[in-house]
Structure formats: C-alpha cells, structure tokens
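The values are calculated or read from the model by the stated rules, or taken from the named source; none is laboratory data. Just so it is clear, the structure is predicted and the values come from calculations on it, not from any experiment. Note: ideal-geometry Cβ built from the backbone for every residue, glycine included; neighbour counts use all protein chains shown. Accessible surface areas use protein heavy atoms only, side chains included; no ligands, DNA or RNA. Shrake-Rupley method; radii C 1.70, N 1.55, O 1.52, S 1.80 Å.
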Amino acid sequence: MANLSEEECRALLRQLDGVVLPRHAGIIMDGNGRWAQQRMLPRKAGHRAGAETLGSIARFARDAGIEYITFYTFSTENWKRPQSEVQGLMDLLHNYLSQSNKYIGENIRIRFLGALSALSPELQEECRRTEEESRGNTGLNMNLALNYGGQDEIVHAARSLARDVQSGALAPEDIDVSLFSSRLYTAGMPECDVIIRPSGEMRLSNFLLWQAAYAEFVFMDTLWPDFTERDFVRALKEYARRSRRFGGR
Ligand code: IPE
Ligand code: IPE
Ligand code: MG
C-alpha cells in the first residue's frame, strides 16, 4: 500500500495525454486476503487497505477524465465466506458511507449496482442517502457493485420484462437488446470498455456479464491493496493499445 505523492500523480496524468481512455472501466478488486496473509494480518486488514486503494483510484480516474468506473465490491457469492469476514466487510462499508461529506466534496457521484434488499436496513438507508447526496456530482460516475452478480442482474431484468408481458404492457417481440439493457442495474450507462483484474486470477467471477460483451480484459499480478495509480495507468495504456473491432473489420 504505497500512496503516491500529488506530484507523482500529476506526472502520471500527463502520461495519459492523447491516450484513448475507456468511457466505462470495470475493476475487480481482488487479492485483499492474500495481501493480509503475506503480512500475517487478519483478512479484514487487507479489506481495509483495499478500501483505501479504491479511494485513490477513483480520484485518479476522475482527474484523468474517465466517465464511469465500476468497482466490484461484494459479489452474490461472497456470502459463502465466514460470517465474521462478511460482517467485517459490511462494517467497512458502513464506515465508508458514514463519511458522506468526503465524496460530496470530491465531486464523485456514487451509485450502487446489485440486490441491495439483502443488506441490513441501516446499510440500505446509507446507500440510498449516498446516492441522493452525491446525485449532483459531475466529476466521475462511480458504481459500487454490492451484492452484485451478473447472472442475478440478468434474471432481475428478465423478471421485470416478464411482468410487463404478463400485464399486457409489452409484447414478447418488443424485447430487444436495448430494452433488455434498460432493465439492468446499469440502465442508461455505457457498456463496459475494459475490465481490470489484479491479483493474478483470470476470470470474471460473475462481474458485468452483459456489459462486458465487448470489453477488453487486462489481468495484472499486483494484489489490490498494492495497486497504485501507476498500475492503473499501465492498464489504461494496455487498453489503448488494443484493436477493438466489435465483429467488424
Ligand atoms: C477481494 O479480495 C475482496 C472481496 C472479494 C470482497 P479477496 O478477499 O477475494 O482476496 P483474496 O482473493 O482472498 O486474496
Ligand atoms: C470477486 O472476487 C468478487 C469481488 C472482488 C468483490 P472473489 O475473490 O470473490 O472471486 P473468486 O472466488 O476468486 O472467483
Ligand atoms: Mg479473491
């Protein structure tokens, strides 16, 4: 966990001059547990360090001019972890959300993607309040994918369309890619251009399945708590080098 100085960050931002940036970047924040284990610390210390990385990468993304960034914060499968770890993650989220003036002052708009109804009533209220209070911020759209699963999201969208077909508001033929997209948690947002996953794992783990249809993938070995703005710039430059064809030629 190395915090870069403002001067170093400014130099890194200059490196991005003229580089084609993603409109929407997805980040799978992975490796907190291994980071803690390497230091003989409890896993929660890894999650705490990871939360700090999230803050510094979000600020950097804002300064670089990225429009949307989605951080995978807690998956629909992460409930399988020991209750103490799940509780630790929820406590961290609570701490993060209770410092609301921080993100308001940072001009970052926060939205949550996922089945929030499974969270405690207090957390649900904090998520709602955070979205509301940061609504007018224009520097960066930051999504926190929380109790999020790509499969769950698609089922949720299908159910909402099925309801409209059942009530007669829609005909099955009306359902197309654009209508389906409008029922996802990311309704109205651009598709994901790049998915960055640190920690050496090369899989999606149920993240943005629909939105990543044409995303570029950048896998890196660094563990998330060690991930710095320098690694982010490396990932962005790698993305810019890719030739995206979307099935054309
Ligand atoms: C990612 O770090 C954080 C969450 C999934 C909430 P991990 O906790 O998965 O860390 P590793 O993969 O065990 O190192
Ligand atoms: C993905 O990481 C979920 C988040 C980063 C929130 P995991 O650590 O849960 O994924 P797997 O189990 O290695 O696939
Ligand atoms: Mg992991």
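On the protein heavy atoms, probe 1.4 angstrom, tell me the percent of accessible surface of the chain carried by carbon and sulfur. Percent of accessible area from carbon and sulfur atoms in the chain: 50.
Annotation: the range 17-113 has a Kirkwood hydrodynamic radius of 14.9 angstrom, from the mean reciprocal C-alpha pair distance. Between Ala162 and Arg14, the contour length at 0.36 nm per residue exceeds the Cα-Cα span by 48.4 nm. Solvent-free Debye calculation, one equal scatterer per alpha-carbon of the chain: log10 I(q)/I(0) at 0.10, 0.13, 0.14 Å⁻¹ equals -0.50, -0.85, -0.99. Residues Cys9, Cys127, sorted by accessible area with the largest first, give Cys9, Cys127 [1.4 Å probe; ligands and nucleic acids excluded]. Working from label points 7 Å from Cα in the Cα-to-Cβ sense, the Arg135 to Glu52 distance is 3.5 nm.
Here the calculated FRET efficiency for Ser182 and Leu21, from their Cβ-Cβ distance with R0 = 22 Å, stands at 0.30, rounded to the nearest 0.05. Dividing the mean sequence gap of close Cα pairs (under 8 Å, 6+ apart) by how many residues the chain holds gives a relative contact order of 29 percent.
Kindly sort Tyr239, Tyr96 by accessible area of their heavy atoms, largest first, with the probe set to 1.4 Å. Don't jump to the answer; show the numbers that get you there.
Numbers: Tyr239 15, Tyr96 60 Å².
Largest to smallest exposure gives the sequence Tyr96, Tyr239.
Each of the peptides 159-167, 17-25 was scored by the mean count of other Cβ atoms within 10 Å over its residues; in descending order, highest first, they stand as 17-25, 159-167. Compactness of the range 74-196 is given as radius of gyration and Dmax, 16.5, 47 Å, from Cα positions. In summary, the lysines within cross-link reach of Lys80, defined as a Cα separation below 25 angstrom excluding same-chain residues under 8 places away, comprise Lys44.
Normalised by the number of residues in the range 59-161, the mean separation of alpha-carbon contacts (under 8 Å, six or more apart) gives a relative contact order of 44 percent.
Amide H to amide H, with H built 1.01 Å from N, Met220 comes under 5 Å of Arg197, Ser199, Gly200, counting only residues 5 or more places away or on other chains. Summary of the geometry: the range 148-189 and the range 80-147, compared by the centres of their Cα atoms, lie 24 Å apart.
Taking only protein heavy atoms and a 1.4 Å probe, what accessible area per residue, in Å², does the chain have with all protein chains in place? In whole numbers, the chain has 50 Å² accessible per residue.
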